[in-house]
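Below is one structure, written out as structure tokens; comments come after it.
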Amino acid sequence: MGWDKGLDYMTTYEMLLRYIKRTKPPGRCYLIAGLIQLRNGSRVSEAVRAFKRWVYTGNQELHVEVSKKKHPEARLMIIPREVEEYRRECLDIANVEERLLVIRVKWALRYYLKINTHSLRYAYITFLLREGVNPAIVSKLIHHSRLDTILRYTQEKAGEEVLKKIY
């Protein structure tokens, strides 16, 4: 499975969209937060912050506070255009306290898709690396504090793929 839990970015993106279309609120809103996390390679708490701000403002591009940083830092988050039609129905959900909303998003992703939120972050990283994006840029995009973390994951993934190609 590997560090990204075997999730393919595009397959997971499309699967999330299908579940979002056929699920009613509040589950739909929690899945939208998961889609935001996947689309941006963020931590779930950052996706929840972006989700809440998007619901209130309607802005597709938002800056949110980065989690796990000693000094305040913000990151750009892009809201997928495919979910715009559901924004207003998530108003009540956006009023939920952030910590509780994070728990609900984690639960929804486990319940509907049998995945954990952190695997969404690493599916995004794997996607970018396969697209040839420099690991230093990937590290900056996802706000990893140490480039060697990305390099270690990259090398592990590359090693697994070489091993699979050998008969």
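Read-outs throughout are calculated quantities, based only on the coordinates presented, and are distinct from any laboratory measurement. Not measured: the values here are computed from a predicted model. A quick note on method: Cβ atoms are made from the backbone with ideal geometry, for glycine too, and the neighbour counts reach across all protein chains shown.
For the reader, a short list of remarks on this structure follows.
- Pairs of lysine residues in segment 9-165 - Cα separation under 27 Å, sequence separation of 8 or more or cross-chain: 28
- For the chain, with +1 on Lys and Arg beta carbons and -1 on Asp and Glu, the positive-most of Ile115, Ser139, Val64 along the dipole: Ile115
- Each distinct pair of alpha carbons in segment 43-167 adds a 1/r term; the inverse of their mean, the Kirkwood radius, is 16.4 Å.
- Net charge dipole, segment 9-165: roughly 340 debye, given to the nearest 20, about the Cα centre with Cβ charges of +1 for Lys and Arg and -1 for Asp and Glu.
- Over segment 77-126, the ratio between the Cα radius of gyration and 2.2 N^0.38 Å evaluates to 1.29.
- Amide H contacts of Ala74: Val66, each under 5 Å away and 5 or more positions distant or on a separate chain (H built 1.01 Å from N in the peptide plane; Pro and chain starts excluded).
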